Amino acid sequence: MRMVKGCPSTSMDDYQLNTTTLIRHAVRNFPDQELLYRSNHQLFRYTYKDAYKRMMRIANFLENKLEVQPGDKIGVLDWNSERHFELYFAIPGIGATLLQMNLRISPDDLAYVTNHSEAKYIFVDESLLSVAEAIAPNLQTVKGFIIMSDKPMSEIKTTLAPIYPFEEMIKDEPAEYDWPIIEETTAYSACYTSGTTGRPKGVYYSHRNMYLHTMAGAAYFGVDSHDCLLVIVPMFHGQSWGLVHVAVMMGAKIIFPGRFMAENTAPLVDLMIAENVTITGGSPAIFLSMLQYIRTLERKPDLSRARFLSGASEPPVSLMRGFKELTGAEIIHAYGATETTPLVAINYQINPTLRNKLTVEETWDLRRKQGLPITGVDFTLFDPDTGQEVPRDGKSVGEICIRGPWITGAYHLTPEDESGFRNGYWRSGDAGTIDQNGYVKIVDRIKDVIKSGGEWISSIDMENALMGHPEVLEAVVVGIPHAKWQERPLALVRMKDCKVIPREEFDHLLYEHFTKWQLPDQILFVEEIPKTSVGKFNKKEIVKQYKNLYLGMESEGVVSSEL
């Protein structure tokens, strides 16, 4: 990109963008706004003002008792809790870096992440002591563990050492703290990729990065102090997609549900209804479970003010329509990654030039796309083989590459990371298109796209079509090695109530979007579909499991059951 320098401004360009500014202004403008958290199956309430005092006590504890210095990395092992929220601002607020410790990765990878980041201390929720104890023998730089619990330390048994009782240590610290101005390129937090290919890689978000991402999120979500955020996306991965910071910036009410099970979202829905939640985020799997529960309710809730951000994978049209028709809630498709903080595209509002040109069905189909790029980030498509740019015609497929002020420009202490970047852009690994109106559409992961007889088949579009069947809970499609056609599609479906339905019903759905040769050779009914640590379909594991299924076979198209 060409850069020029013109007449100097008279602006305070040296005023640093710090995340501490967000919480300071929330307390100034909305001191009594409610913050809710669930602990031991009970719901508690406090305020921004209360949380801020605790943040300052924590900051004093970090500096005075632990002698934490700017640049130190401090790990957090916790659920979506009020303490985790307080640490979101206290740790970075003194110039240290918050290490987000992903509870969904293996102990071996978690120990690697802790060592690679050179973490100095780890805050541990009492319920996660076993996780910390499993990795503790392999940790090289950690000097101690801060135990977060409502119990006295005499009732807590652990092999960790040395330990510090969180509540006891902060209660006598001053509730006043003079927050320093932090150079804005300082790392606010560190989040590591899930490590599905090789070791996890460190993405270190700056304060500037976080501040600008938060401003963009607040603008595109249309958040204000009348909103209520339910924090479903794990706070230990990608800052819960930045939604917590957006809520803080605008003084919205926030609910921290603690630990919950993705398989049982009834408590989350009940909480959502009781507290008039208007904003949340999650994967389609979470929302599908919610919708299933809502269908069982005699009285359907009015969620017409709600905007639910759906990421990780493409939400089925049936899911979006189901929520809209039953509750009035909008399921909004968004796109991003650990490397992008994560928000870089959102499908919130239909382009005005298209609004009156599309039928109802065409509008729903458009909403499946990842949406329009957020202001501030640039998208381009590169041919993964030649490196040449691909036309934006909605048909030509290329690797989506992104650059911008909240996009990673490198991985932490990873010298061999050049392959992850091209011409100043971060390479997403996603194969996609961009149409004439700017809408981004992911066709597949580059490594997952199905190549059959020299032609590409989109597994994502096929999955969406299969999940259009009212009896299907989940569906995944992968390419399996085939002696004649190189690869052929295999579909795994998880049905409601363990039902098995005829192949013809699936074919009827698929014929609307695919030609006969593109259809899966086999559709298998399964009880569970393997997933990665971040809740995505584990296609690598599925291919490994079924790699010999088609070898030596002719394409016939059958349905079988593994239930």
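Every read-out reported here was derived from the displayed coordinates using simple, explicitly stated rules and does not represent laboratory data. For clarity, every value in this text was computed on a predicted model and none was experimentally measured. Quick reminder, even Gly has a Cβ in these numbers, built from the backbone with ideal geometry, and neighbours come from all protein chains shown.
Projecting each Cα onto the charge dipole of the chain (Lys/Arg +1, Asp/Glu -1 at the beta carbon, about the Cα centre), which of THR363, LEU43, VAL142 comes out farthest on the positive side?
Result: THR363, furthest along the dipole toward the positive end.
If you rank CYS7, CYS498, CYS191 by fewest surrounding Cβ atoms within 10 Å, what's the result? Intermediate results must be reported in sequence, preceding the final value.
On the way: CYS7 5, CYS498 10, CYS191 25.
Starting with the residue having the fewest Cβ neighbours, the order is CYS7, CYS498, CYS191.
Taking the Cβ of ASP72 as the center, what net charge do the other residues with Cβ under 11 Å away carry, scoring Lys and Arg +1 and Asp and Glu -1?
Details: positive: LYS73, LYS120, LYS143; negative: GLU63, GLU67, GLU118.
Counting the neighbours of ASP72, the net charge comes to 0.
With a Förster radius of 35 Å, plug the Cβ-Cβ distance of GLU471 and VAL360 into 1/(1 + (r/R0)^6) and report the FRET value to the nearest 0.05.
Working: r = 23 Å, r/R0 = 0.67.
With a Förster radius of 35 Å, E is 0.90.
THR515 to GLU126: extension gain in nm, 0.36 nm per residue of separation minus the Cα-Cα distance?
Values: separation 389, 0.36 × 389 = 140.04 nm, distance 5.45 nm.
The THR515-GLU126 span can extend by a further 134.6 nm.
Per residue, what volume in Å³ does the convex hull of the Cα atoms of segment 260-443 enclose?
Details: hull volume 26.4 nm³, N = 184.
Each residue corresponds to 143 Å³ of Cα convex hull volume.
If one takes the longest principal axis of the Cα atoms in the chain, at what angle in degrees, from 0 to 90 and to the nearest 10, does the Cα axis of helix 317-327 lie?
Helix 317-327 and the main axis of the chain meet at about 60 degrees.
Would you compute, for the Cα atoms of segment 204-341, the largest minus smallest coordinate along each principal axis and list the three values in descending order, in whole Å?
That gives 47, 29, 27 Å along the principal axes, largest extent first.
What share of Cα pairs, in percent, lie more than 17 angstrom apart in segment 450-561? Let's see the in-between values first.
Details: 3111 of 6216 pairs.
It works out to 50 percent of all Cα pairs.
Using the 10 angstrom Cβ neighbour count as an exposure proxy, how do ILE170, ILE181 rank, fewest first?
Ordered by Cβ neighbours within 10 Å, fewest first: ILE181, ILE170.
Anything over 21 Å Cα to Cα? Flag those among LYS395/LYS484; LYS369/LYS536; LYS451/LYS484, in the order listed.
On the way: LYS395/LYS484 27 Å; LYS369/LYS536 18 Å; LYS451/LYS484 12 Å.
With Cα atoms farther than 21 Å apart: LYS395/LYS484.
Let me check I've understood the local charge: for GLU487, count other residues with C-beta under 13 angstrom from its C-beta, Lys and Arg +1, Asp and Glu -1. What total comes out?
Values: positive: LYS447, LYS451, LYS484, ARG488, LYS539, LYS547; negative: ASP444, ASP448, GLU455, ASP521.
The answer is +2.
Taking θ as phi - 60°, what are the ³J(HN,Hα) couplings along segment 457-462 by the Karplus curve (6.51, -1.76, 1.60), each to the nearest whole Hz, with x for Gly and Pro?
Working through the residues one at a time gives 10, 7, 5, 5, 5, 5 Hz.
Largest first, please: the extent of the C-alpha atoms of the chain along each principal axis, to the nearest Å.
72, 63, 48
Any of LYS53/LYS253; LYS441/LYS496; LYS73/LYS531 with alpha carbons more than 19 Å apart? Name them for me. Provide the component values of the computation, followed by the final result.
Details: LYS53/LYS253 17 Å; LYS441/LYS496 29 Å; LYS73/LYS531 30 Å.
From LYS53/LYS253; LYS441/LYS496; LYS73/LYS531, over 19 Å: LYS441/LYS496; LYS73/LYS531.
Can you sort ARG488, ARG83 from fewest to most other Cβ atoms within 10 Å of each residue's own Cβ? Present the calculation step by step, with values, prior to reporting the outcome.
Working: ARG488 27, ARG83 24.
Result, fewest neighbours first: ARG83, ARG488.
Quick check for me: using +1 on Lys/Arg Cβ and -1 on Asp/Glu Cβ, what's the dipole size of segment 450-561 about its Cα centre, in debye to the nearest 20? List each step's numbers first, then the result.
Numbers: 14 positive and 17 negative charges, 101 e Å.
Charge dipole, segment 450-561, about its Cα centre: 480 debye, nearest 20.
Mind checking the full-extension length gain between HIS25 and ASN115? Use 0.36 nm per residue of separation minus the Cα-Cα distance, one decimal, nm.
Numbers: separation 90, 0.36 × 90 = 32.40 nm, distance 3.52 nm.
Between HIS25 and ASN115, full extension yields 28.9 nm more.
Counting each DSSP H run of 4 or more residues in the chain as -39500 (n - 2.57), what helix-only mean residue ellipticity at 222 nm follows after dividing by all residues, to the nearest 500 deg cm²/dmol? Could the numbers behind the result be given before it?
Numbers: 16 runs with 154 residues, N = 563.
Computed mean residue ellipticity for the chain: -8000 deg cm²/dmol.
Would you work out which of GLY217, VAL472, MET272 lies farthest towards the positive end of the dipole of the chain, given +1 charges on the beta-carbon of Lys and Arg and -1 on that of Asp and Glu, about the Cα centre?
Highest projection toward the positive end goes to GLY217.
Once the other residues with Cβ under 12 Å from the Cβ of ASP50 are scored (Lys, Arg +1; Asp, Glu -1), what is the net sum? The partial results should precede the final answer.
Working: positive: ARG45, LYS49, LYS53, ARG54, ARG57; negative: ASP32, GLU34, GLU82, GLU86.
Neighbourhood net charge equals +1.
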